[in-house]
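Read-outs throughout are calculated quantities, based only on the coordinates presented, and are distinct from any laboratory measurement. Because the structure is a prediction, the values reported are computed rather than measured. Quick reminder, even Gly has a Cβ in these numbers, built from the backbone with ideal geometry, and neighbours come from all protein chains shown.
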């Protein structure tokens, strides 16, 4: 039988999916054990026990100086910045993207400008943001917005403009105004794509967040990683990286479920 | 009762002449079928009736007034594809027109008004043979059912002029015969004039009161660009088919009956054993 016709069953899929994770964990354990056997003071690949102790310290022991549980305060600070940035970017994308995608006049006015803006490397603007908006929350949220909004906007405008012309004409014969076409015909049909687009932008959003926190912050997941980097504390950095990844995966999953719940007609097989 | 008068209509795209000197008067309640080879401008002509495109020269007059320059609720349309909204259920698809006409800001109705409209919509869905499919999305409906839905959606607006752009071209022959029967009935029962573009001659003569053929009189390659298509044949059916009245064509199909199984060919006697021939 050809390889192309070989389809794993449910159990087989689960097993195959788990395999890379197991391999990675094993490789780490072996590497860590070998290095620690050579040099018990090695900091590069700490043992699981060492990481467990640091997780205990960061997540479940109050900080000696502030009395806060650092992992949770860091997570809260970072998620506040990330979600504020994504929310503002989504609103901007909805307004400008829809205007752009629905009205040819607005497209002529805005599309070249948005295309230009989306090419500005956001990280290059970071110093400007810190100088103009200060070192507080605003500049970090602004960086996420600047990084994510143009791409969301362009994607939304493209999706809106790609709707068949027949649908727009059809809506006109059903007495729709320009506003009603945007509200009842275009908006509901671009929403699933907006959610997918947001999912794809989670990675870049985290990148901008951590970059901003690394340079100047008083708390946050990125701030902590770059703080303990000075002490080569891989036993804190590794759990933090895993935690950030878990957060991102959970958000991705939540958005996927939201899309399926709200827009059942947009599922690939067309099944509701 | 909508009459159309088209006078000396031309459509050009840059140097390319698509249609030239088309003059035509369409009587109220007519069912006109436009036929012709592909690329002869029949869909362009339909788009001009719809208001989606403007003629380069000439005038279109509907009921004594020049045609508005954009599509509107007095002219309904059903395309071969993309006629219904994929994000709305069948019932919502039929309700959206009146909803948008009544609520100019929200585009939705609530409470009693919504209930009344939903009842009307369900009645119409029943009429086009979609009872029971109210809560299905278009992707869950077959091609024939989607076109029935598109007809219902359009008829909710009570258009004066119904424009059909190869609406049944993508359907299987069996399904097509059923939907033809439905189309005939809808034309009889709803006070509208119909213009249908089709490439299927049989369909044209099966439905229309008048069949108009578009073609290019000049076919040489160097002429094709500068000479457009025009009306080459204009055939009124005889004996005439009249809207809302039984004629010879309907004699054997009682109004409201679209069950065509009676006309099916009965299975013949079983064949002799094929194995013996091999």
Work out the mean other chain Cβ neighbour count within 10 Å for the residues of B:154-166 and drop it here as an integer. 1
When B:83, B:38, B:142 are ranked with the fewest other C-beta atoms within 10 Å first, the list becomes B:38, B:142, B:83
Round to the nearest 0.05 the FRET efficiency obtained for residue A:165 and residue A:128 when R0 = 60 Å and r is the Cβ-Cβ distance. 0.90
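Give the shape of segment A:78-122 as rounded, prolate or oblate, defined through the alpha-carbon gyration tensor: a ≥ b ≥ c are the square roots of its eigenvalues, a/c under 1.5 means rounded, and otherwise the shape is prolate if a/b is larger than b/c and oblate if not.
oblate
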Assign one of three labels to the protein assembly as shown, namely rounded, prolate or oblate, based on the Cα gyration tensor with a ≥ b ≥ c the square roots of its eigenvalues; rounded applies when a/c is under 1.5, prolate when it is not and a/b is larger than b/c, and oblate otherwise. prolate
Just grab the label-to-label distance for residue A:218 and residue A:113, each label 7 Å out from Cα along the Cβ direction, in nm (one decimal). 3.7 nm
Could you tell me how far the Cα centroid of segment B:121-167 sits from the Cα centroid of segment A:99-131, in Å? 42 Å
Distance between segment A:218-272 and segment B:27-106 - C-alpha centres, whole angstrom: 48 Å
Averaged over A:184-192, number of beta-carbon atoms from partner chains that fall within 10 Å: 3
Run the quick spin-label model on residue A:262 and residue A:138: label points 7 Å from Cα toward the beta carbon, then report their separation in nm to one decimal. 2.9 nm
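For chain A, what does the helix formula give at 222 nm: sum of -39500 (n - 2.57) over DSSP H segments with n ≥ 4, over the residue count, nearest 500 deg cm²/dmol?
Mean residue ellipticity at 222 nm (helix-derived): -25000 deg cm²/dmol.
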What is the average number of partner chain Cβ atoms found within 10 Å of a Cβ in B:76-86? 5
Taking every DSSP beta bridge that has both residues in the protein assembly as shown, what percent is antiparallel when rounded to the nearest 5? 55 percent
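For B:225, A:137, which order do you get if you count the other beta carbons within 10 Å of each Cβ and list the fewest first?
B:225, A:137
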Largest fluctuation, A:190, A:91, A:169 only, Gaussian network model of chain A with Cα springs under 10 angstrom, belongs to A:169
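Where does each of B:5, B:43, A:90 land when they are ranked from fewest to most other beta-carbon atoms within 10 angstrom?
Ascending number of Cβ neighbours within 10 Å: B:5, B:43, A:90.
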Yeah, segment B:137-209 with a ≥ b ≥ c from its alpha-carbon gyration tensor (a/c under 1.5 is rounded, else prolate when a/b outruns b/c, oblate otherwise) is oblate
